[in-house]
1. Among residues other than A164 whose Cβ falls under 12 Å from its Cβ, what is the net charge (Lys/Arg +1, Asp/Glu -1)?
2. Whole-Hz ³J(HN,Hα) for each residue in segment 163-172, computed from phi via Karplus 6.51 cos²θ - 1.76 cosθ + 1.60 with θ = phi - 60°, x for glycine and proline: what do you get?
3. Using the Karplus curve 6.51 cos²θ - 1.76 cosθ + 1.60 with θ = phi - 60°, work out ³J(HN,Hα) for each residue of segment 39-55 in order, rounded to whole Hz, and write x for Gly and Pro.
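Computed from the coordinates by the stated procedures, all read-outs in this text should not be read as laboratory data. These numbers come from a predicted model, not from an experiment. Here Cβ is always computed from backbone atoms with ideal geometry, including for glycine, and neighbour counts include all displayed protein chains.
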Amino acid sequence: MVAGQVIVDDAMVLARTEQDQLELAVRQHAQLVYRIAHSVLRNHHDAEDATQETFVRLLRAQRKLSTVDDARKWIARIAWRVAVERRNKAPEVPLERIEATVVSQLRSQWISAEENVLGREMAGLVQSLIFALPAQLRDALTLSSVQQLSPAEIAVVLEMSEAAVRSRIFRARQMLKQRLEALLEGNHGT
């Protein structure tokens with residue numbers, strides 16, 4: 001009976017430390033998980049659901065938590081996967097639809113380029129253009145610009161090389177610049 005009690009006590013201590021690790025991980029990384037989910041899903045309620053689902057998955061895999069070298073990167077990768085899975089269920093917005101609504105609103109207001117850059121209309125346009133990028137480019141750019149993750153951290157989340165991440169961020173920025181310039185040049189003639 002004494003040996004059986006020792007085994008039960010050891011199991012309880014192990015369970016307690018796993019539970020403590022999970023609770024600590026939730027406290028430390030909840031904001032990161034929510035920000036990643038929101039940057040992908042662009043909706044508060046969907047991001048909350050994805051955050052909750054991320055930690056449910058973490059609960060299921062909590063034994064791995066003690067063996068992971070960098071819990072932040074591991075949890076970020078789980079959050080990214082959950083958010084992308086949810087996003088893939090919703091159709092992407094075509095660029096033509098963005099042009100029809102946002103650009104027509106900008107044209108109707110006819111304000112200077114400096115005011116456009118500073119105004120919410122420009123921020124909304126840029127955000128819409130980011131959302132219209134191909135998913136591979138958008139994901140890398142969003143994690144870099146919005147979530148302020150380093151290329152090394154993004155490489156872990158997206159499971160690719162750091163060079164590929166840097167290349168995608170560069171290409172995404174170039175595409176955004178070209179599309180924004182083209183849209184704004186179209187505004188000067190009207």
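1. It works out to a net charge of 0.
2. Those phi angles translate into 5, 5, 4, 4, 5, 5, 5, 4, 5, 5 Hz.
3. 5, 7, 8, 6, 8, 4, 5, 5, 5, 4, 4, 5, 4, 4, 5, 4, 6
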